[in-house]
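Heads up: the structure comes next, in structure tokens.
The values are calculated or read from the model by the stated rules, or taken from the named source; none is laboratory data. This structure is a prediction, so every number in the text was calculated from the model and none was measured. Cβ atoms come from the backbone with ideal geometry, glycine included; neighbour counts cover every protein chain shown. Just so you know, the surface numbers come from the protein's heavy atoms only, side chains and all, with ligands and any DNA or RNA stripped out. Shrake-Rupley method; radii C 1.70, N 1.55, O 1.52, S 1.80 Å.
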Amino acid sequence: MAENIRMDSHKLIYHPDTVARWLRGENIYPIELEVGLTNACNHRCIFCAIDYMGYQPFRMDKQILIDNLKELAPRGVKSIIYAGEGEPLVHADAAEIINYTKNLGIDAAMSTNGVLLTPEISRECLQSLTWIRFSISGITESTYNKIHRGKDGDLGKVLSNVEEAVRIKHEKNLNTTLGVQLLLLPDNKNEIVQMGKELRKIGVDYYTIKPFSQHPQSTHIMQVNYQEMLELESEVKELQTDEFQVYFRAHSMQKLTCEREYKHCWALPFMVYVDARGNLWPCIVFMGKDELKYGNLNEESFVEIWEGEHRKKIADYFMHMDLEKNCRELCRLDEMNRYLDELKQPSGHVNFI
């Protein structure tokens, strides 16, 4: 259930064999891929990290993706998050791709705004998803519309679709974790408790409140003082029950004011981002900078790219990059990097266990 998702931590501790191979200097394959099925999106959220890419109707070629997944399954790739530059469900074959991923033995998950997750789509692919995370940043029409900038009535559709997904999950006795993520902003801070009450009534597994982190290339520049919002945690945590977990990510909010304790991004080999055009990126922060991409699936297979000399050169470049100057404030790889940095540079007392 949701209590095992380690929201503000990492899960490399569950992959000791892969970590050990990495420590020995072997060329490991990533444990997780994030795949953007399309650039298109039905919302224009004010917090969108990759607004600078535009919302063009590029879509991942289904057959190229499937062919590569067949090669990756036996090479150590364990999971794929279908999220990316746009709304994954804009891709007409999203449900089929999700089912195919799971049938290969790769865990599948999806991040979505929920507008297009109709009951029909839920019935088609919910059983193949380990988790779905719905992005909902307001519980009143005015706040939701101001932040998401979609169509009038979208909030009602989303809440109805979430409720139906919960019903289908229980009807089919599925293990799919259904969670809702709110990005905390001054615009919605007064709604987080009201929203938590509504989500608990609907029956989702968890509700997480996370901070905004400025993407270096985003055109949306926002300054949010989270030190003034930390007091909200105690009130919203009162909603938590055995069936409804609440994650107020205060740890992440506090890290916004801290410098990194490591000098290298050790975690890059463990995760890869694949955009809708088939480009492989070391990190979503650098998407669009063609000189830093590993390669493209329309030109070479994932295996050819991963084993090639060009990727090794890009990986070496990142190992010598100044993280403070080039990376975003809060990085998905941060907790992994802290862990891996300790493994790479242990103290002299580690044998005294």
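Things to note:
- FRET efficiency for the pair D152 and Q223, taken as 1/(1 + (r/R0)^6) with r the Cβ-Cβ distance and R0 = 22 Å, rounds to 0.15.
- Per-residue Karplus couplings for region 104-120, computed as 6.51 cos²θ - 1.76 cosθ + 1.60 with θ equal to phi - 60°, are listed in order as 7, x, 9, 5, 10, 9, 8, 10, 8, 7, x, 4, 9, 7, 5, x, 5 Hz, Gly and Pro entered as x.
- Whole-percent carbon and sulfur share, accessible surface of the chain, 1.4 Å: 47 percent
- Charge dipole of the chain (Cα centre as origin; +1 on each Lys and Arg Cβ, -1 on each Asp and Glu Cβ, all else neutral): 140 debye, rounded to the nearest 20.
- Karplus 3J(HN,Hα) series, Hz, for region 279-292 with 6.51 cos²θ - 1.76 cosθ + 1.60 (x for Gly, Pro): 6, 9, 10, x, 7, 5, 4, 9, 4, x, 8, 4, 5, 10
- Listed residue (M319, V224, Q63) projecting farthest to the positive dipole end of the chain, Cβ model: M319
- Cross-link partners of K169 among lysines, defined as those whose alpha carbon lies under 24 angstrom from its own and excluding same-chain residues fewer than eight positions apart: K78, K102, K157, K197, K201.
- Three principal axis extents of region 88-167 based on alpha-carbon atoms, in descending order, are 43, 22, 19 Å.
- Stokes-Einstein D in µm²/s, Kirkwood radius over Cα pairs - region 23-164 at 20 °C with 1.002 mPa s viscosity: 134 µm²/s
- For the chain, calculated [θ]222 nm from helices alone, where every DSSP H run of n ≥ 4 adds -39500 (n - 2.57): -9500 deg cm²/dmol
- Computed over the alpha-carbon atoms, the chain gives an Rg to Rh ratio of 0.94, Rh here being the Kirkwood radius from the mean inverse distance.
- Averaged over its residues, region 300-346 has an accessible area of 59 Å² per residue, based on protein heavy atoms and a 1.4 Å probe.
- Take each peptide in 142-152, 179-189, count the other Cβ atoms within 10 Å of every residue, and average; sorted highest first, the result is 179-189, 142-152.
- DSSP bridge analysis restricted to the chain gives an antiparallel fraction near 15%, rounded to the nearest 5.
- Tally of Lys pairs whose C-alpha atoms are under 26 Å apart, taken over region 237-353, 8 or more apart or cross-chain: 22
- Placing a pseudo-label 7 Å from each Cα along the Cα-to-Cβ vector at N190 and L343 gives an inter-label distance of 4.7 nm.
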